[in-house]
1. Can you list the HN-Hα couplings for the range 144-159, worked out from phi with the Karplus curve (6.51, -1.76, 1.60; θ = phi - 60°), rounded to whole Hz and with x for Gly and Pro?
2. Provide the per-residue ³J(HN,Hα) series for the range 52-63, in order, calculated from phi with Karplus coefficients 6.51, -1.76, 1.60 and θ = phi - 60°, each as a whole number of Hz, with x at glycine and proline positions.
3. Just list whichever of LYS60/LYS132; LYS7/LYS60; LYS7/LYS132; LYS7/LYS184 have alpha carbons separated by over 25 Å in the model shown.
4. Would you kindly state how much longer the chain becomes between ASP124 and SER190 on full extension, computed as 0.36 nm times their sequence separation minus their alpha carbon distance, in nm to one decimal?
5. Give me the distance in nm between label points sitting 7 Å out from Cα along the Cα-to-Cβ direction at ARG146 and ASP66, one decimal.
6. Expected output is a single nm value to one decimal: the length gained when fully extending between ASP243 and ASP226, i.e. 0.36 nm times separation in residues minus the C-alpha distance. What is it?
7. Between GLU113 and ASP258, what length comes free when the chain is fully extended (0.36 nm per residue of separation minus the Cα-Cα distance, one decimal in nm)?
8. At most 15 other Cβ atoms within 10 Å and a DSSP loop assignment: could you name the GluC sites (Glu not before Pro) in the range 1-68 that fit?
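The values are calculated or read from the model by the stated rules, or taken from the named source; none is laboratory data. Keep in mind that this is a model prediction, so the values were computed, not measured. Cβ placement follows ideal geometry from the backbone for every residue including glycine, while neighbour counts extend to all protein chains displayed. SASA here: full protein model, heavy atoms, side chains in, ligands and nucleic acids out. Shrake-Rupley method; radii C 1.70, N 1.55, O 1.52, S 1.80 Å.
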Amino acid sequence: MGKLEGKVAFITGAARGQGRSHAIRLAEEGADVIAVDVTEQVSTVPYDTARPGDMEQTVKEVEALDRRIIASEVDVRDLAGLQKAAADGMAALGRIDIVLANAGINTMAPTLEMDEEMWDTMIDINLTGAWKTVRAAVPHIVEGGRGGSVVLTSSLAALVANENIAHYTAAKHGLVGLMRVLAKELGPQSIRVNTVHPTTVATEMVLNDATYRLFRPDLPAPTREDYEVAAREMNRLPVPALDPVDISNAIVYLVSDDGRYVTGTTQVIDAGGSL
């Protein structure tokens, strides 16, 4: 039996990237999945966000592990939509034990040049969207009376400051405060709440031309290889970026009985980037 046999996980941003990795990794440990994402382009984002067909691939990979998955297209800015997704998942799978508020975006601009839409969209998705995810799904854990686990995806940016991402950094700092309050409020119900803080992860959110230009402004048309030269300087270990499964493995620890007494913590997976 896997470490999560019989559990059900509610995961946002599950169509690709870290979210898909989390869905697959938890399914490998026996969990069924309620998967949420949106496939319309987020207007302020300079790279392609999830596309039609991405969620279908996540569904295919989870089902290949002989686990059940209920997928729906919902924007984390839509509380009513998230509540419906949670209710539909409950109706189909019977319970929710784990909530992963993973959905997020990345945009970049100097703080004093950033427009209002860029700031608002970032906070609405990366911070308020996590609260809406919790608000929609965690009451089902409480009602189950079995305890459970919540993980909010923060970032190394909540620990180390970098230019051009003030809005992203503010959102990721905010998740730490949200996590700590939730850990206190939900502890009596045996619901544990933690954040994870990755350094750069090799997903579409990082592997795109806008990020390459940010890391290598000295080059007119930087490539992934050019980006990796600069990215290695962020980490103490000699790697430019983590694989999504590295974050998924940390999450498996947090949501399984391996981490049964771990709550209110900031779990850093950063290749030494915070040193």
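1. In residue order, the calculated couplings are x, x, 9, x, x, 8, 10, 10, 9, 7, 9, 6, 4, 5, 7, 10 Hz.
2. Each residue's phi maps through the Karplus curve to give x, x, 5, 5, 4, 5, 4, 4, 4, 6, 5, 5 Hz.
3. Values: LYS60/LYS132 27 Å; LYS7/LYS60 19 Å; LYS7/LYS132 22 Å; LYS7/LYS184 23 Å.
Over 25 Å Cα-Cα: LYS60/LYS132.
4. 20.9 nm
5. Inter-label distance under the simple model: 2.0 nm.
6. Numbers: separation 17, 0.36 × 17 = 6.12 nm, distance 1.84 nm.
Gain in length upon complete extension: 4.3 nm.
7. 47.7 nm
8. On the way: sites: GLU5, GLU28, GLU29, GLU40, GLU56, GLU61, GLU63; in loops: GLU5, GLU29, GLU40.
The qualifying sites are GLU5, GLU40.
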